1. In debye to the nearest 20, how big a dipole does the chain give about its Cα centre with +1 on each Lys and Arg Cβ and -1 on each Asp and Glu Cβ?
2. Fully extended, how many nm does the chain gain between Asp73 and Lys43 (0.36 nm per residue separation, minus their Cα-Cα distance)?
3. Rank-order 57-66, 2-11 by packing density, defined as the average count of other C-beta atoms within 10 Å over each peptide's residues, highest first.
4. Using alpha-carbon pairs under 8 Å, 6+ residues apart, how would you state the relative contact order of the chain in percent?
5. Can you give the net charge of the other residues whose Cβ lies under 13 Å from the Cβ of Val119, counting K and R as +1 and D and E as -1?
6. At a 1.4 Å probe, what is the % contribution of carbon and sulfur to the accessible area of the chain?
7. Kindly state, to the nearest 0.05, the FRET efficiency for Ser122 paired with Ser30, given R0 = 41 Å and r defined as their beta-carbon distance.
8. With θ set to phi - 60° and the Karplus curve 6.51 cos²θ - 1.76 cosθ + 1.60, what are the ³J(HN,Hα) couplings of the stretch 102-118 in order, to the nearest whole Hz, using x for Gly and Pro?
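The values are calculated or read from the model by the stated rules, or taken from the named source; none is laboratory data. On a predicted model such as this, the values are computed, not experimentally measured, just so you know. Cβ sites come from the backbone with ideal geometry, for glycine too, and all protein chains shown count toward neighbours. For the accessible areas, the whole protein counts, side chains as well, though only heavy atoms, and no ligand, DNA or RNA atoms are used. Shrake-Rupley method; radii C 1.70, N 1.55, O 1.52, S 1.80 Å.
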Amino acid sequence: QVQLVASGGGLVQAGGSLRLSCSARGRTSSTNTMGWFRHAPGKEREFAAAINWSGGWTYYADSVKGRFTIFRDNAKNTVYLQMNNLKPEDTAVYYCAVGGPYASMAIYEYSYWGQGTQVTVSS
C-alpha cells in the first residue's frame, strides 16, 4: 500500500558526502519510524540508522555513528540520511523503510521498503 521512493545515491571519493532522501507515498502514518538499511556486496542487509516519528529519538549503527545523521520532514513523509566522511566500506545499496512507532534497529520491525539507491565510495 505504501510506496517508498529513495534517491540521492551516487559515486563519491572517500571523505566525501551524500544526502539520501526517501519519500513515503500512500496510506502512511506520521507516527511511523523511518529507517535506513544497507546491503553491501557479500554481506547481509544491515541496519544503518532510524528515527522515530517525532524526531526525538535516533538510532545509529556503530559503524556510522558520528558520520551519518538521520532526520525527517513529517509534512512530506520524507526521511533523509546525511552521510559525511564516507568510507569505502560504506559502499552498499541503501534501502529506506517504514516501521511501527517503536521500531528501531531490526529488519523485522519494518513493513515497507524502498527500491534502494546505490552508494559507491572510492578509495
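1. 240
2. Contour length minus Cα-Cα distance gives 7.7 nm.
3. Peptide ranking by packing, descending: 2-11, 57-66.
4. Result for the chain is 35 percent.
5. After counting each charged neighbour, the total is +2.
6. C and S fraction of accessible area: 48 percent.
7. With R0 = 41 Å, the Cβ-Cβ based efficiency is 0.60.
8. Ordered by residue, 3J(HN,Hα) equals 10, 5, 9, 10, 8, 4, 5, 7, 10, 9, 10, 10, x, 7, x, 9, 7 Hz.
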